[in-house]
Amino acid sequence: MPAKIKVGRLQDGLRTKRLGRSILFSREINSTNEWAKELAMYGAREGTVAIAETQTRGRGRLDREWISPTGGLWFSLILRPKLRPTETVKLTFVAGLAVAKVLSEMFSLKVETKWPNDVLMNGRKICGILTEMNTTGENVNFVVVGIGVNANFDVEKAFPESLKKVATSLENELGRKVRLEGLFVGLVEMLENLYELFTKEGFNPVLEEWKDYAGFLGHQVEVTSPTQKLSGLALDVDHDGALVLRLEDGTIRRVFVGDVSLRAQ
Ligand code: BT5
């Protein structure tokens, strides 16, 4: 199974109306999110995808580095939803659910979602999502949803020491490589279905299903953000996408930004 992406195969059997009908591919790019934002600025229509075999400056939230070797699936989707800026975070859940469903359906693996933007396998991060937007006042001009899935590489070889125990890849979990083009098609189809569900029926059905995959709910967690560190019981994720925590003193706190880690019981 070649690690490289066969460009001509990225639309093989793709049964979508809008998403992924227009695909731009590069062997190497700084970041597909940066590329997609540029394309969107020039008027690229909803559903356009920018995908690269490797990223030289892949990014996570807060400008953190996202390691993107050849063999991963690194792509960004341009959306033009009718949402207020504060609502676009919900698209991160749409994407997280799409990845969780496709990975569990395609590979029969146990997959978890973790607030707000991770997908895990065996407690280790296999996918991260970066949702960015361009606004004019209260008007959202476009949203770029960047999705990175660790697929055909061994994290022991590809990642720095600090990530070897907290990240994983499909190759590590399955003991074999997967067909990146087939995975991409599956993801784009699922993204379209769930985006449509979200557009027609609102956030609730997506959120409820996302919560079915959420392993951290009901557990003691630590939430770290640039401004604070909180500990408490993860009670829920609410209709705004906020994490609802019960702190040790019993107060309820809604958290909008942060990284969750499970606390040793
Ligand atoms: C994310 O940020 O998880 C969002 C990642 C989004 C990546 C996609 S790839 C396509 C598109 N183009 C981009 O430039 N980005 C998007 P965050 O929750 O902030 O997590 C970042 C942290 O995850 C880093 O600080 C590392 O600790 C860890 N990390 C870095 N690379 C990783 C990888 N490949 N797999 C698992 N963990 C990683």
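The values are calculated or read from the model by the stated rules, or taken from the named source; none is laboratory data. The structure presented is a predicted model; accordingly, all values stated were derived computationally and were not measured. All Cβ positions, even for glycine, are placed from backbone atoms using ideal geometry, and neighbour counts span all protein chains on display. For the accessible areas, the whole protein counts, side chains as well, though only heavy atoms, and no ligand, DNA or RNA atoms are used. Shrake-Rupley method; radii C 1.70, N 1.55, O 1.52, S 1.80 Å.
Structure above, values below:
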| quantity | calculated |
| --- | --- |
| Solvent-accessible ranking of T168, T86, T135, largest area first, probe 1.4 Å | T86, T135, T168 |
| Mean ellipticity per residue at 222 nm, deg cm²/dmol - from DSSP H runs of n ≥ 4 across the chain, formula -39500 (n - 2.57) | -8000 deg cm²/dmol |
| 10 Å Cβ shell holding at most 11 others, DSSP loop, GluC sites (Glu not before Pro): longest site-free stretch of the chain | 1-137 |
| Scattering curve values for region 42-96, log₁₀ I(q)/I(0), Debye with Cα scatterers, q = 0.18, 0.24, 0.26, 0.32 Å⁻¹ | -0.80, -1.15, -1.18, -1.19 |
| Whole-Å semi-axes of the chain's equivalent ellipsoid (Cα gyration tensor) | 28, 23, 17 |
| Loop sites in region 1-107: trypsin sites (Lys or Arg not before Pro), DSSP, at most 13 other Cβ within 10 Å | K4, K6, R15, K17, R45, R57, R64, K82 |
| Accessible surface of region 134-265, 1.4 Å probe, proportion on carbon and sulfur as whole % | 49 |
| Residue order for I29, I252 - accessible surface, 1.4 angstrom probe, largest first | I252, I29 |
| Accessible area per residue, Å², the chain with all protein chains present, probe 1.4 Å | 47 |
| Heavy atoms of Y195 accessible to a 1.4 Å probe, total area in Å² rounded to 10 | 30 |
| Unsatisfied cross-links (Cα-Cα over 18 Å) in the set K90/K200; K37/K101; K101/K211; K101/K200; K6/K157; K125/K165 | K37/K101; K101/K200; K6/K157 |
| With DNA, RNA and ligands ignored, accessible area of S26 (1.4 Å probe; Å², nearest 10) | 20 |
